[in-house]
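Here's the structure we're looking at; comments come further down.
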Amino acid sequence: MLLRRCVPFAAALFLLLPTGEALAQSDQDRAAARSLATQGAEAFTSGRFEEAIDLLGRAEALVHAPTHLLLTARAQVRLGRLVAAKETYLRIVREELPPTAPSPFKRAQQDAREELAAIDPRIASLRIALEGAAGRKIGVKLDGQPVADALLGVHRPIDPGNHVVTVVPPGLAPIEQGVTIGDGERKELKIPVPEGPAVVPPPGGSVEGQGTWGGGQTEVPPVAPPGTSERKTNAAMLGGGIAATALGLGGVVVGSVFLAKSSGTQKEANDLSAERGCESQSVAGGECSPAIQAQIKSLDANAASQQTIGAVGLIGGGVLLAGGVTLLVLELTSKPEPSSSAWIAPYVTPTGLGVRGAF
């Protein structure tokens, strides 16, 4: 019976509007609103309640009619949005219709009274109580929507079903707590809120002109005391000098080892050549065979490679050693400049911000 009454309301709506707001609309607006209302009624009949609410809302924006609102309220009830449906029903009930109003309007108002009386007892009530939150600004959301401070600690109307309450204490991770509430149920949800990180106020109070940023608590990074940057630079120079000196010594040692090895390899080649008479015989004659000559040639090449590595190690190591020693001498003999006695730094407390310093 309920569905059968929906489509006639929408289809015949604008044929029954003799006066008032509807006559102030253009013919195009009235035709568009009639089409939207018909589509909304069809969507409702098909169970597409979200679509029905959207279409009927568009029709209502063009031409006001209690029948738009009645079908919208019924769709909201079907979706479990009893709180929103109650407000829509109240708009219909509280409207003063003239004696000449079309009969569908009067029937819509009567239906709204009856249906409102049926859903009103089903609306539930929830009280969100935050424990340990006195004096702190704490954000609260219900099903992802912000909850006004005025609604905390008191009972508020809520749709029956499953809900999620999210508490966001400053400086801490969000706290989520679910709650299931039945038709007409009155429930209280207590959520303990842990203490947030302490903010240490500066010694000696604040200077004139302190204030708050955006009404919340804001922390600023600690300001390094005077001379910190200089000490870091000196430490870097000292570390660099030690590293360069160590690498330089290593390079010199490696170079010396390879040069000594090169000398030994070259002596071995010369001794073999003299022993087999390779310096005076041809390649094919005597004891200086081609195999012996190849061995001597390989020894000569190894000696040359070892000599090159040794030279590079000595030169590179010497440069690093000289640079490292220079940095060490400069660092150890330098005298730090006295730091300025004047400094200034900002600070933030739970009640505001300010600056402090010495002059």
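Once the whole set of protein chains is in place, how much accessible area is left on Val93, using a 1.4 Å probe, in Å² to the nearest 10?
Taking all protein chains as shown, Val93 has close to 40 Å².
In a shell of Cβ-Cβ distance under 11 Å around Ala37, excluding Ala37 itself, what net charge do Lys and Arg (+1) and Asp and Glu (-1) give? Spell out each step's value before the answer.
Details: positive: Arg30, Arg34, Arg58; negative: Glu42, Glu60.
Here the charged neighbours net out to +1.
Set the Förster radius R0 to 45 Å, insert the Cβ-Cβ distance between Val164 and Arg107 as r into 1/(1 + (r/R0)^6), and round the FRET efficiency to 0.05. It would help to have the intermediate numbers written out before the result.
On the way: r = 40 Å, r/R0 = 0.89.
Efficiency, rounded to the nearest 0.05: 0.65.
Give me the number: length gained by fully extending Ser26 to Arg78, i.e. 0.36 nm times residue separation minus the C-alpha to C-alpha distance, one decimal in nm.
On the way: separation 52, 0.36 × 52 = 18.72 nm, distance 3.33 nm.
Net length gain for the segment: 15.4 nm.
So between Thr308 and Gln177, what do we pick up on full extension, going 0.36 nm a residue minus the alpha carbon distance?
Working: separation 131, 0.36 × 131 = 47.16 nm, distance 7.45 nm.
Full extension of this stretch gives 39.7 nm more.
Would you tell me the accessible area of Asp183, worked out with a 1.4 angstrom probe on the heavy atoms of the protein chains, in Å² to the nearest 10?
Here the residue's solvent-accessible area equals roughly 100 Å².
Determine the order of Ser256, Ser262, Ser46 by accessible area, beginning with the largest, at a probe radius of 1.4 Å.
Ser46, Ser256, Ser262
What distance in nm separates the two pseudo spin-label positions at Glu131 and Ile315, each 7 Å out from Cα along the beta-carbon direction?
Label at Glu131, label at Ile315, 7.9 nm between them.
Based on the Cβ-Cβ distance from Arg156 to Glu87, what FRET efficiency comes out when R0 is 22 Å, to the nearest 0.05?
Values: r = 14 Å, r/R0 = 0.62.
For R0 = 22 Å, the calculated efficiency reads 0.95.
At R0 = 45 Å, how high is the FRET efficiency between Asp149 and Ala236 if r is their beta carbon distance? Nearest 0.05 is fine.
0.30
Once fully extended, how much extra length lies between Lys261 and Leu330, figured as 0.36 nm per residue of separation less the alpha-carbon to alpha-carbon distance?
21.2 nm is the gain from fully extending Lys261 to Leu330.
The values are calculated or read from the model by the stated rules, or taken from the named source; none is laboratory data. These numbers were taken from a predicted model, which means no experiment stands behind them. Glycine also receives a Cβ, built like all others from the backbone with ideal geometry; neighbour counts cover every protein chain displayed. Protein only, heavy atoms only, side chains kept; ligands, DNA and RNA dropped before computing areas. Shrake-Rupley method; radii C 1.70, N 1.55, O 1.52, S 1.80 Å.
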